[in-house]
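The values are calculated or read from the model by the stated rules, or taken from the named source; none is laboratory data. These numbers come from a predicted model, not from an experiment. Every residue, glycine among them, receives a Cβ derived from its backbone with ideal geometry; neighbour counts consider all protein chains shown. The protein model used for the area step is the full one, side chains on, heavy atoms only, and it has no ligands, DNA or RNA in it. Shrake-Rupley method; radii C 1.70, N 1.55, O 1.52, S 1.80 Å.
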Amino acid sequence: MRILVVDDDRLNRQFLINFLQAYGTCDEVGDGLAAVGAYRSALEEGEPYGLLCLDIMMPQLDGMEVLRRVQDVYAEKGEELAGPRPKVIMMTAIEDMQHINAAFELGCDAYASKPIDIAKVREVMHTLGIEPLQPAKER
Ligand SMILES: [Mg+2]
């Protein structure tokens, strides 16, 4: 599965990717416009993203607007070309819950509050039916 991590904070992206690599091939972008572009290119290359992890708070295009535009691109391509709709996890500070409700209305599947707690994200992934490619190493 291809995974796109979108966050304007490089350290957040790195942190998430370190974890999400166990689930698939990860790409990262640092702003919303690049995110929509990456989503569209992947679709057009026939290797769409199966999972988007979207930070909400980003300058210019925020995560909500990215989600809106991604849904538009998906609708424009149609299910036949686009395959299954990507799963979307919104990442945000807990005090931003009103955004979360709106995000669900826009079609996000789950959210994880910041600061990111890996155990929580693992649980969210499991709830979405996404499992690591290989069982996690015991430590
Ligand atoms: Mg941010």
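If the convex hull of the alpha-carbon atoms of segment 1-55 is projected onto planes in all directions, what is the mean projected area in square nanometres?
3.2
Grab the Cα-Cα distance for R68 and A119, subtract it from 0.36 nm times how many residues apart they are, and report the gain in nm with one decimal.
My answer for the length gained is 15.6 nm.
Using a 1.4 Å probe over the heavy atoms of the protein chains, calculate the carbon and sulfur portion of the accessible area of the chain as a whole percent.
Answer for the chain is 50 percent, counting heavy atoms of protein chains only.
Strictly greater than 20 Å: what percent of every Cα pair in the chain meets that?
41
Among 40-49, 58-67, 24-33, 115-124, how do they line up by average Cβ neighbours within 10 Å per residue, starting with the highest?
Result, highest mean first: 58-67, 24-33, 40-49, 115-124.
What fraction of the DSSP beta bridges in the chain is antiparallel, stated in percent and rounded to the nearest 5?
Bridges in the chain are about 0 percent antiparallel.
Amide H to amide H under 5 Å from K114: which residues, 5+ apart in sequence or cross-chain, H placed 1.01 Å off N in plane?
It is T92, A93, I94, by chain and number.
Between L11 and E79, how many nm apart are label points set 7 Å from Cα along the C-beta direction?
4.3
At a 1.4 Å probe radius, which order do T127, T92 fall into by accessible area, largest first?
T127, T92
Can you tell me how much longer the chain between L128 and S41 gets when fully stretched, taken as 0.36 nm per residue apart minus their C-alpha distance, in nm with one decimal?
28.9 nm
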